[in-house]
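Nothing in this text is a laboratory measurement; each read-out follows from the coordinates by a stated rule. Bear in mind the structure is a predicted one, so any value in this text is a computation, not a measurement. All Cβ positions, glycine included, derive from the backbone under ideal geometry; neighbour counts span all protein chains shown.
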Amino acid sequence: MRFFWNKIRLGRQATLFDSYLYVLKGFLSIMTGYILFHTHSIIGKDMISLLFGMMLTLEPVNIIGIKSGLDQIKASILGGVVTALLVSIFGVNALTVPLGVALTMYISLKFNWRFVSPVAIFTAIYMTQYIQLNALGEPSMLITLRLRLLALGAGISIAIFYNFLFSKFFYHSMLRKRIVYIVESLTNYVGIYINEEEKGDLKELKKDITGLFADIDLVIGQIGDIKKFDAEGLPFDQYKCALMELRDFTHYLLDVIMFRIKHDKGAADLMVLRQFSELLVEIQYVVEHKNSDKHKLKDIYQRNLSLGIKDESYLSAMHQSALGAAKCLL
C-alpha cells in the first residue's frame, strides 16, 4: 500500500507549492460554479467560459487572481469588439473568421509586443462560432458578447472568492513552504556540484539552477502581494531580504558551474562550499519552523564569517550572499 501511495503522490516540490490545495480549490470552484449557474437562463448557455475562466483565475494570492481576472475581461472585450464589428459588417465567412483573429493579435501586439492573450484569441473565435440569436431569431453580436462576458465574470467572481478564502487560511504556511523549497533546492544544487565537480559533467545542473531564478522572483512578488492585506502576519521584510540575497547566491553558483564546464578544474574550494551548504540547511530550518531557536544559525553564521576567502572571486561573492541571507533572518 505504501509503495502504491509513493507512486501516485505528488513530488516534494509540488507539495511545497501547495499543489494539493490547488487541486482542492479547483474542485470546489468547479462544483460551486456548476451548482449555481448550470440552470441559469443566460449564463447556463456558456458554462465553458465560466469554468475555464474560473480555472485561469485561481491563484495562491487573491490580488494576483484579481489582476488575472481583469486581464481576462480586458482581453475578452478586445477580441469580442473587434470580431463583432467585422461580423456585423461582413458576416461570417472564410475571410472574417481568420481576419477577426488576426486583427485581435495585431492590436494585442500593438499594446504589448511580447504577449498575445490566448483569452483574446479564444473570444475572437467564440464570436464567430457561438453566435446567439435575438428575440426575432436573428444573429446578434451584442447578445453573444454579453453572454461571453457574463459567463466569464461569474467564473472569475467564484475564483476570487476561493482565492480569498484559501489565502486567508493557508498563506502563512504557503509562503514559508515556498521559501523552504528555494533554500532546499539551492542546498541540493550545491551538493550536486560538490559530488560532480571532478567529472565536470554539469550541464543538467546548469539547466536546473537556471529555472530557480523564476521561482525566486515569483515568491518575491507574492510577498509584496500578501503584505498588502496583512502587513503584520509574517516577517515579510526579512523573507524578502533573504530571498534577494539567495537570488544573488544562485547567480554566483551558476557562475561557478559555468567556469567548471569551460575549464579542466573548478574555481571553488569544495570544503568551503560544504560550509555554505551547512548555513543553507540552518536557514531552511529557521524558515520552516515558526518561532524556532536561532542560536544554531548564529553559531554557523559566525563560523562562516571567519572563513578566509580571497576577494574578487566567485566564492567570495557567494560567501557574502550566503552571510547576507542568514543575517536577514537573525
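Data table
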item	result
Theoretical FRET efficiency, 1/(1+(r/R0)^6), r = Cβ-Cβ of TYR34 and SER173, R0 41 Å, to 0.05	0.90
Dipole of the chain [Lys/Arg +1, Asp/Glu -1 at C-beta], most positive-end residue of LEU109, LEU305, LEU21	LEU21
Zone residues, the range 123-151, relative to ILE48, backbone N less than 17 Å from point 7 Å out along Cα-to-Cβ	123-133, 144-151
Percent of Cα pairs exceeding the 22 Å cut-off, where the set is the range 1-159	51 percent
Modelled FRET efficiency - R0 56 Å, ASP269 with TYR106, Cβ distances, 0.05 increments	0.50
Size of electric dipole in the range 2-163: Cβ of Lys, Arg +1 and of Asp, Glu -1, about Cα centre, debye, nearest 20	540 debye
Semi-axis lengths, Å, the chain, gyration tensor of Cα atoms, sqrt of 5 times eigenvalues	49, 24, 17
Dipole magnitude (debye, nearest 20) for the chain, charges at Cβ of Lys, Arg, Asp, Glu	600 debye
Hydrodynamic radius by Kirkwood, which averages 1/r over all alpha carbon pairs of the range 197-329, in angstrom	15.9 Å
Distance between the range 153-180 and the range 184-256 - C-alpha centres, whole angstrom	23 Å
About the Cα centre, charge dipole magnitude for the range 197-329 (Lys/Arg +1, Asp/Glu -1 at Cβ), debye	120 debye
Extension reserve of the ARG2-PHE115 stretch, reckoned as 0.36 nm per residue once the Cα distance is removed	36.2 nm
